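Here is the structure we will look at, set down as structure tokens.
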Amino acid sequence: MDILIIISNPQAAFIAQSLVAAAERANASWSIFFTNDGVKALGDKTFVMAMSGAQEAVSCHESWLAHMGNKPCPVIEGSQTNNSALVAKAARIISL
């Protein structure tokens, strides 16, 4: 995978959406991991749709429960172990 984007701040969704669009234009492979209150960015349906080209889109389950409660998560729920696995695969990491 070329790029891993880690979102830990919900206000980073706008920046991440632009990065995702640029990665797709460059035919770069990318994945995204949501943690802390960055999971709140998943409440933006436009942003969620922009992630359709991700190799993997994962949210920390504990963060999701803490910030979003019992709402259904629009991406795979995982753990920090998933984050570590994605980091191991990534050529570049962007943390927002």
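Derivation of every value follows stated rules applied to the coordinates shown; laboratory data play no part. Since this is a predicted model, take the numbers as computed values, not measurements.
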Quiz item: Give me the Kirkwood hydrodynamic radius of region 3-95 in Å, from all C-alpha pairs, to one decimal place?
Solution: 12.9 Å
Quiz item: Can you give the Kirkwood hydrodynamic radius of region 10-61 from its Cα pairs, in Å with one decimal?
Solution: 11.1 Å
Practice problem: In whole angstrom, note down how far apart the Cα centers of region 29-63 and region 65-79 are. | Solution: 10 Å
Self-check item: Ellipticity estimate at 222 nm from DSSP helix runs (n ≥ 4, -39,500 (n - 2.57)) divided over the chain, nearest 500
Solution: -11000 deg cm²/dmol
Exercise. List the relative contact order of region 1-61 as a percent without decimals, with contacts defined as Cα pairs under 8 Å and 6+ residues apart.
Key: 42 percent
